[in-house]
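Below: one structure, written as C-alpha coordinates.
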Amino acid sequence: MVNIAIDGPAGAGKSTVARGAAKALGYIYVDTGALYRTVALYVLQNGHNVHDSERVKAALADIRIELKFVGGVQRVYLNGRDVSEEIRTPEVSMGASAVAALPCVREFLFEQQRRIAREKNCIMDGRDIGTVVLPDAQVKVFLTASAEERARRRYREDVLFEEVLRDVQERDYNDSHRAVAPLKQAEDAVLLDTTGITLEESVSRLIQCIKERSQ
Ligand code: DC
(Lines give C-alpha, C1' and ligand atoms only; values in the text may rest on other atoms or scores of the structure.)
Protein backbone atom coordinates (compact mmCIF):
# COMPACT_ATOMS: atom_id res chain seq x y z
CA MET A 1 0.00 0.00 0.00
CA VAL A 2 1.11 3.55 -0.63
CA ASN A 3 0.86 5.70 2.50
CA ILE A 4 1.41 9.43 2.48
CA ALA A 5 1.72 11.23 5.83
CA ILE A 6 0.79 14.88 6.11
CA ASP A 7 1.33 16.69 9.40
CA GLY A 8 1.17 20.31 10.39
CA PRO A 9 -0.47 22.86 12.68
CA ALA A 10 -4.16 23.74 12.90
CA GLY A 11 -5.53 25.65 9.94
CA ALA A 12 -2.60 25.06 7.60
CA GLY A 13 -5.03 23.78 4.98
CA LYS A 14 -3.92 20.16 5.42
CA SER A 15 -7.37 18.72 4.90
CA THR A 16 -8.24 20.77 1.81
CA VAL A 17 -4.85 20.28 0.21
CA ALA A 18 -4.63 16.58 1.10
CA ARG A 19 -8.17 15.96 -0.12
CA GLY A 20 -7.38 17.60 -3.46
CA ALA A 21 -4.23 15.53 -3.92
CA ALA A 22 -5.96 12.30 -2.86
CA LYS A 23 -8.68 12.87 -5.43
CA ALA A 24 -6.17 13.49 -8.21
CA LEU A 25 -4.14 10.39 -7.29
CA GLY A 26 -7.07 8.06 -6.54
CA TYR A 27 -6.15 7.51 -2.88
CA ILE A 28 -8.49 7.82 0.05
CA TYR A 29 -8.02 10.80 2.30
CA VAL A 30 -8.01 10.09 6.04
CA ASP A 31 -8.52 12.99 8.44
CA THR A 32 -7.28 11.67 11.80
CA GLY A 33 -8.24 14.89 13.62
CA ALA A 34 -11.86 13.70 13.23
CA LEU A 35 -11.09 10.78 15.57
CA TYR A 36 -9.82 13.06 18.35
CA ARG A 37 -12.72 15.41 17.74
CA THR A 38 -15.19 12.53 18.10
CA VAL A 39 -13.70 11.48 21.44
CA ALA A 40 -13.94 15.12 22.58
CA LEU A 41 -17.56 15.36 21.43
CA TYR A 42 -18.51 12.30 23.46
CA VAL A 43 -16.68 13.54 26.55
CA LEU A 44 -18.24 17.02 26.32
CA GLN A 45 -21.75 15.71 25.61
CA ASN A 46 -21.53 13.51 28.68
CA GLY A 47 -20.52 16.44 30.86
CA HIS A 48 -17.00 15.24 31.62
CA ASN A 49 -13.89 17.37 31.86
CA VAL A 50 -11.69 16.94 28.78
CA HIS A 51 -8.56 17.23 30.94
CA ASP A 52 -9.63 14.54 33.42
CA SER A 53 -7.57 11.57 32.33
CA GLU A 54 -9.34 9.01 34.55
CA ARG A 55 -12.81 10.10 33.45
CA VAL A 56 -11.85 10.18 29.79
CA LYS A 57 -10.18 6.79 30.09
CA ALA A 58 -13.36 5.30 31.57
CA ALA A 59 -15.47 6.93 28.86
CA LEU A 60 -13.38 5.30 26.11
CA ALA A 61 -14.97 1.93 26.96
CA ASP A 62 -18.31 3.33 25.72
CA ILE A 63 -16.99 4.88 22.52
CA ARG A 64 -17.00 3.16 19.16
CA ILE A 65 -15.77 5.24 16.25
CA GLU A 66 -16.05 4.21 12.63
CA LEU A 67 -14.71 6.00 9.59
CA LYS A 68 -16.58 5.34 6.36
CA PHE A 69 -15.43 6.47 2.95
CA VAL A 70 -18.23 7.37 0.59
CA GLY A 71 -16.92 8.27 -2.86
CA GLY A 72 -13.57 9.08 -1.28
CA VAL A 73 -15.21 11.38 1.28
CA GLN A 74 -14.74 10.51 4.95
CA ARG A 75 -17.71 10.37 7.32
CA VAL A 76 -17.25 9.71 11.01
CA TYR A 77 -19.67 7.73 13.18
CA LEU A 78 -19.88 7.77 16.95
CA ASN A 79 -21.67 4.69 18.27
CA GLY A 80 -23.47 4.36 14.96
CA ARG A 81 -24.44 8.05 14.62
CA ASP A 82 -22.97 10.27 11.91
CA VAL A 83 -21.26 13.16 13.73
CA SER A 84 -19.25 14.51 10.79
CA GLU A 85 -20.72 18.01 11.08
CA GLU A 86 -21.15 18.13 14.85
CA ILE A 87 -17.42 17.75 15.49
CA ARG A 88 -16.54 20.98 13.66
CA THR A 89 -17.38 23.54 16.38
CA PRO A 90 -14.66 25.66 18.07
CA GLU A 91 -15.57 24.03 21.41
CA VAL A 92 -14.91 20.57 20.02
CA SER A 93 -11.65 21.82 18.41
CA MET A 94 -10.32 22.90 21.79
CA GLY A 95 -11.64 19.75 23.44
CA ALA A 96 -9.92 17.62 20.80
CA SER A 97 -6.62 19.36 21.44
CA ALA A 98 -7.07 18.61 25.17
CA VAL A 99 -8.00 14.92 24.89
CA ALA A 100 -5.25 14.44 22.30
CA ALA A 101 -2.70 15.13 25.04
CA LEU A 102 -3.91 12.07 27.01
CA PRO A 103 -1.88 8.91 26.36
CA CYS A 104 -4.96 6.69 26.82
CA VAL A 105 -6.74 8.49 23.97
CA ARG A 106 -3.76 8.26 21.60
CA GLU A 107 -3.42 4.57 22.37
CA PHE A 108 -7.14 4.02 21.83
CA LEU A 109 -7.00 5.58 18.34
CA PHE A 110 -3.62 4.29 17.23
CA GLU A 111 -4.54 0.86 15.87
CA GLN A 112 -7.55 2.16 13.97
CA GLN A 113 -5.32 4.54 12.03
CA ARG A 114 -2.72 1.85 11.34
CA ARG A 115 -5.34 -0.59 10.11
CA ILE A 116 -6.71 1.83 7.51
CA ALA A 117 -3.18 2.47 6.22
CA ARG A 118 -2.52 -1.27 5.94
CA GLU A 119 -5.68 -1.80 3.91
CA LYS A 120 -5.78 1.21 1.61
CA ASN A 121 -3.62 3.56 -0.44
CA CYS A 122 -4.13 6.72 1.53
CA ILE A 123 -3.10 10.22 2.32
CA MET A 124 -3.46 10.54 6.08
CA ASP A 125 -3.29 13.87 7.86
CA GLY A 126 -2.81 14.75 11.52
CA ARG A 127 -0.06 15.84 13.89
CA ASP A 128 1.97 12.66 14.48
CA ILE A 129 1.38 10.63 11.33
CA GLY A 130 4.94 10.82 9.99
CA THR A 131 6.54 10.58 13.43
CA VAL A 132 4.43 7.94 15.23
CA VAL A 133 1.50 6.44 13.35
CA LEU A 134 3.14 5.74 9.98
CA PRO A 135 6.91 6.08 10.47
CA ASP A 136 7.43 4.03 7.29
CA ALA A 137 5.19 6.13 5.05
CA GLN A 138 6.66 6.42 1.55
CA VAL A 139 6.21 10.19 1.55
CA LYS A 140 6.02 12.57 4.50
CA VAL A 141 5.09 16.20 4.22
CA PHE A 142 5.00 18.84 6.91
CA LEU A 143 2.45 21.37 5.73
CA THR A 144 2.43 24.73 7.39
CA ALA A 145 1.74 28.45 7.01
CA SER A 146 2.26 31.47 9.27
CA ALA A 147 -0.15 31.76 12.23
CA GLU A 148 -1.56 35.02 10.81
CA GLU A 149 -2.27 33.46 7.46
CA ARG A 150 -3.88 30.42 9.08
CA ALA A 151 -6.08 32.67 11.20
CA ARG A 152 -7.02 34.69 8.11
CA ARG A 153 -8.13 31.52 6.33
CA ARG A 154 -10.30 30.54 9.29
CA TYR A 155 -11.69 33.99 9.86
CA ARG A 156 -15.45 34.45 9.55
CA GLU A 157 -17.54 37.58 9.91
CA ASP A 158 -19.08 36.57 13.24
CA VAL A 159 -15.86 36.48 15.29
CA LEU A 160 -12.95 38.83 15.93
CA PHE A 161 -9.80 38.14 13.97
CA GLU A 162 -7.75 38.38 17.19
CA GLU A 163 -9.87 35.65 18.72
CA VAL A 164 -9.30 33.32 15.79
CA LEU A 165 -5.58 34.05 15.90
CA ARG A 166 -5.49 33.36 19.63
CA ASP A 167 -7.30 30.04 19.15
CA VAL A 168 -4.86 29.00 16.44
CA GLN A 169 -1.86 29.93 18.58
CA GLU A 170 -3.26 28.23 21.66
CA ARG A 171 -3.84 24.99 19.78
CA ASP A 172 -0.37 25.18 18.19
CA TYR A 173 1.10 25.52 21.64
CA ASN A 174 -0.93 22.65 23.13
CA ASP A 175 -0.26 20.34 20.22
CA SER A 176 3.47 20.94 20.04
CA HIS A 177 4.20 20.98 23.78
CA ARG A 178 2.44 17.85 24.99
CA ALA A 179 4.54 14.97 26.27
CA VAL A 180 3.19 12.27 23.94
CA ALA A 181 3.43 12.43 20.16
CA PRO A 182 3.75 16.21 19.95
CA LEU A 183 3.34 18.03 16.66
CA LYS A 184 6.72 18.19 14.99
CA GLN A 185 8.25 17.75 11.59
CA ALA A 186 9.61 14.22 11.05
CA GLU A 187 13.29 14.23 10.15
CA ASP A 188 12.55 12.77 6.75
CA ALA A 189 9.56 15.00 5.99
CA VAL A 190 9.48 17.60 3.23
CA LEU A 191 8.48 21.08 4.40
CA LEU A 192 5.68 22.67 2.41
CA ASP A 193 4.98 26.24 3.50
CA THR A 194 1.76 27.52 1.94
CA THR A 195 2.02 31.09 3.23
CA GLY A 196 1.20 33.37 0.29
CA ILE A 197 0.35 30.62 -2.19
CA THR A 198 -3.10 29.66 -3.41
CA LEU A 199 -4.93 26.46 -2.62
CA GLU A 200 -4.55 25.22 -6.21
CA GLU A 201 -0.83 25.89 -6.12
CA SER A 202 -0.53 24.08 -2.76
CA VAL A 203 -2.36 21.04 -4.15
CA SER A 204 -0.17 20.88 -7.22
CA ARG A 205 3.02 21.21 -5.15
CA LEU A 206 1.85 18.38 -2.92
CA ILE A 207 1.02 16.15 -5.90
CA GLN A 208 4.41 16.90 -7.44
CA CYS A 209 6.16 16.08 -4.18
CA ILE A 210 4.27 12.76 -3.86
CA LYS A 211 4.99 11.78 -7.46
CA GLU A 212 8.69 12.54 -7.11
CA ARG A 213 9.05 10.51 -3.96
CA SER A 214 6.69 7.57 -4.28
CA GLN A 215 8.28 5.93 -7.37
O1 DC B 1 -6.71 18.39 12.53
P2 DC B 1 -7.77 18.86 13.51
O3 DC B 1 -7.74 20.33 13.75
O4 DC B 1 -9.13 18.37 13.15
O5 DC B 1 -7.38 18.14 14.89
C6 DC B 1 -8.06 18.39 16.09
C7 DC B 1 -7.11 18.16 17.27
O8 DC B 1 -6.78 16.78 17.37
C9 DC B 1 -5.78 18.90 17.17
O10 DC B 1 -5.80 20.13 17.87
C11 DC B 1 -4.77 17.96 17.76
C12 DC B 1 -5.41 16.61 17.71
N13 DC B 1 -4.77 15.68 16.76
C14 DC B 1 -3.68 14.99 17.20
O15 DC B 1 -3.21 15.20 18.32
N16 DC B 1 -3.11 14.05 16.40
C17 DC B 1 -3.58 13.81 15.16
N18 DC B 1 -3.00 12.88 14.39
C19 DC B 1 -4.69 14.56 14.69
C20 DC B 1 -5.26 15.50 15.51
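The values are calculated or read from the model by the stated rules, or taken from the named source; none is laboratory data. Everything numeric here is computed off the predicted structure, so don't read it as measured data. Don't worry about glycine lacking a Cβ; one is built from the backbone with ideal geometry, like all the others, and counts go over all protein chains shown. Side chains included, ligands, DNA and RNA excluded: accessible areas come from the protein's heavy atoms. Shrake-Rupley method; radii C 1.70, N 1.55, O 1.52, S 1.80 Å.
I want the antiparallel fraction of DSSP beta bridges within the chain, as a percent rounded to 5. Present the calculation step by step, with values, prior to reporting the outcome.
Values: 8 of 25 bridges.
Around 30 percent antiparallel, to the nearest 5.
Report, to the nearest whole %, how much of the accessible area of the chain belongs to carbon and sulfur atoms, 1.4 Å probe, protein only. All intermediate terms of the calculation are to be shown ahead of the outcome.
Details: 5190 of 10620 Å².
Here it works out to 49 percent.
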Virtual spin-label span in nm between F110 and E201, 7 Å along Cα→Cβ: 4.0
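So if R0 is 30 Å, what FRET efficiency would E187 and D158 give, r being the distance between their Cβ atoms, rounded to the nearest 0.05?
Numbers: r = 41 Å, r/R0 = 1.37.
For R0 = 30 Å, the calculated efficiency reads 0.15.
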Within the range 47-78, list the residues whose amide N lies under 14 Å from a label point set 7 Å along Cα→Cβ of E91. 47-50
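Expressed in nm to one decimal, what extension gain is obtained for the pair K57 and F69 from 0.36 nm per residue of sequence separation less their Cα-Cα distance?
Numbers: separation 12, 0.36 × 12 = 4.32 nm, distance 2.76 nm.
Extra length from K57 to F69 when fully extended: 1.6 nm.
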Per residue, accessible area of the range 47-176 with a 1.4 Å probe, heavy atoms of protein chains only, in Å², comes to 52
Loop-resident sites, the range 29-126, for GluC sites (Glu not before Pro), counting at most 11 other Cβ within 10 Å (DSSP): E85
For Cα pairs less than 8 Å apart in space and 6+ apart in sequence, what is the mean separation divided by the residue count of the range 1-103, i.e. the relative contact order in percent? 28
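Provide the net charge surrounding V203, with neighbours chosen by a C-beta distance below 12 Å and charges set as Lys +1, Arg +1, Asp -1, Glu -1. Provide the component values of the computation, followed by the final result.
On the way: positive: K14, R19, K23, R205; negative: E200, E201.
Net local charge, V203 excluded: +2.
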Calculate the dipole size of the range 157-215 relative to its Cα centre from +1 charges on Lys and Arg beta carbons and -1 charges on Asp and Glu beta carbons; express the result in debye to the nearest 20. 440
Solvent-accessible area of Y27 with every protein chain in place, 1.4 Å probe, in Å² to the nearest 10: 40
In percent, how large is the relative contact order of the chain, given Cα pairs closer than 8 Å and 6 or more residues apart? 34
What whole number of Å gives the distance from the Cα centroid of the range 100-142 to the Cα centroid of the range 20-77? 13
Radius 13 Å from Cβ of R127, net charge of other residues (Lys, Arg +1; Asp, Glu -1): +1
